[in-house]
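Below is one structure, written out as structure tokens, with a few remarks after it.
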């Protein structure tokens, strides 16, 4: 019993709470049980979901949940200050304080090593960043966290953007402040999408806090389908090809032929899609069972016929956020053609930097920024209305995206150079058959995933509706069969979701 209680209360960095662990589904069963009792009263519902969400974050990120609480408290009162300000100057100062504090905390924990290393290299200094949050926690609780190491708090990039959305939307008169700090804590920390999105806009989510619980029978089936879909994407496809193929090649590209490296690039392209969209599918399904609708985050992005189209389909909540809170405030397309192109490039470079403090991510963002500019430059001269033109557009777009993924995934620029060199100068076509034989299951999964991805939307809608229309006992049977299949295919070392690192 003591061990059982210790596992419930303590945080284990080697065993965080993930959607793919049985511990999460036990946790969700407890959440649902409490929700049954509290869902009819808004205040109790928000309090219960805020409490379990903070617990979920603690089990996912340890003592960094105190940083989430600090950010929540500060921005709750700044949101009130923006709304109640009697002059424009006070409104401006309050929203500036909110954005500045939120981005400063994000910059400190995410980019402090990037900045300190750059300063040390330029000026020959020896600056060593200190984890002030660990220091404060040790002082307050008597704990012994390492104060010399700064670890990126899980989900900080996502909840920071949600907080900024809240205060800026109040400033823009798009939403009113929530009724109390518990409601705001619930909005910021809602556990299905807390650590890896989708990024929830205040104007879209806050009104749902004050709506009665109402989920139609059709929506229960819809939620169940998305949860199963997400688990299959993550465990059966993403994790398997990652461990058994993609990671091996990206870690040591010189040990493999150019063809194998190219297949690993294609493999990572579908791996990151299945991993990230799988998380989103589960988050949408779990949230829907609790009566909350999260925004769509993916729309078959590898069907895109241009980079502009790709960003309408990939990580939609981030691209919309960057557009509304960065690109448009920079001037959007209202300041002339040259300024528009500059705004696009700045937005994508910062979007790349949002993913991590490495030049690889900046290059990744730059590739997409330049491609977006080329889209605008050629839009008047290129038509994508015919099927051949669409196919050519899809082929080019897909390979531009795959090329950019090399910078996104590789350990460093040296590995990027090695992989590109192997693909360009050491392709070894005679190894093709051996690669297919040696990595048969991984290749089959990669090809199958792409085929399913490229199926017509009507086909996908058909099998989704067919599942939803099944009798409940058939759904349960499918659930059990899929659970057994996933258990058998799951690796011994459960893989965290890729976007946890951002």
- line: Going through the range 288-309 in order, the residues found to be in a helix (DSSP H, G or I) and farther than 14 Å from residue 225 by Cβ are 301, 302, 303, 307, 308, 309
query: If you check 187, 173, which single one turns out to be surrounded by fewer than 24 Cβ atoms within 10 Å (Cβ to Cβ), assigned by TED's automatic domain parsing to the domain that holds residue 130, at pLDDT 90 or above and within 30 Å of residue 95 (Cβ to Cβ)?
result: 173
query: Listed residues 239, 281, 247; which is buried (at least 23 other Cβ atoms within 10 Å of the Cβ), out of contact with any helix residue (DSSP H, G or I) (no Cβ under 7 Å at 6 or more places or on another chain) and within 28 Å of residue 194 (Cα to Cα)?
result: 239
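Yes/no per residue for (1) assigned to a helix (DSSP H, G or I); (2) touching a helix residue (DSSP H, G or I) at 6+ places or on another chain (Cβ under 6 Å); (3) closer than 29 Å to residue 344 by Cβ:
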position	(1), (2), (3)
371	yes, yes, yes
381	no, no, yes
384	no, yes, yes
388	yes, no, yes
392	yes, no, yes
436	yes, yes, no
444	yes, no, no
message: Taking the criterion of being within 25 Å of residue 501 (Cβ to Cβ) and crowded, with 16+ Cβ neighbours inside 10 Å, would at least one residue in the range 433-445 satisfy it?
response: yes
field: Filter result for the condition that a residue is crowded, with 17+ Cβ neighbours inside 10 Å, in the same structural domain as residue 196 (by TED's automatic domain parsing) and at pLDDT 90 or above, over 64, 57, 77
entry: 57
statement: Within the range 204-217, restricting to residues that are assigned to a helix (DSSP H, G or I) and within 27 Å of the chain's Cα centre (by Cα), the one that is farthest from residue 324 (Cα to Cα) is 209
query: In this structure, does residue 105 turn out to be modelled with pLDDT of 85 or more, in contact with a helix residue (DSSP H, G or I) (Cβ under 8 Å, 6 or more places away or on another chain) and in a helix (DSSP H, G or I)?
result: yes
query: Can we say residue 478 is under 16 Å from residue 245 (Cα atoms), surrounded by 12 or more Cβ atoms within 10 Å (Cβ to Cβ) and in contact (Cβ under 8 Å) with a residue 60 or more places away in the chain?
result: no
task: Considering only the range 71-89, state which residues are assigned to a helix (DSSP H, G or I) and either within 16 Å of residue 152 (Cβ to Cβ) or free of Cβ contacts under 8 Å to residues at least 24 places away in the same chain (or both).
output: 71, 77, 81, 84, 88, 89
Sole residue being more than 30 Å from residue 261 (Cα to Cα) and in a helix (DSSP H, G or I), chosen from 243, 237, 227: 227
Residue satisfying condition, being in contact (Cβ under 8 Å) with a residue 24 or more places away in the chain and within 24 Å of the chain's Cα centre (by Cα), within set 432, 498, 468, 443: 498
query: So is residue 264 assigned to a helix (DSSP H, G or I) and within 22 Å of residue 367 (Cα to Cα) or not?
result: yes
query: Assuming residue 279 fulfils every condition listed in (1) at pLDDT 95 or above; (2) under 30 Å from residue 46 (Cβ atoms) apart from one, which condition is it?
result: (1)
Which listed residue, of 200, 195, 175, is more than 14 Å from residue 292 (Cβ to Cβ) and within 18 Å of the chain's Cα centre (by Cα): 195
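The values are calculated or read from the model by the stated rules, or taken from the named source; none is laboratory data. Note that the structure is a prediction, hence the values are computed from the model and not measured. Backbone-built Cβ (ideal geometry, glycine too); neighbour counts: all protein chains shown.
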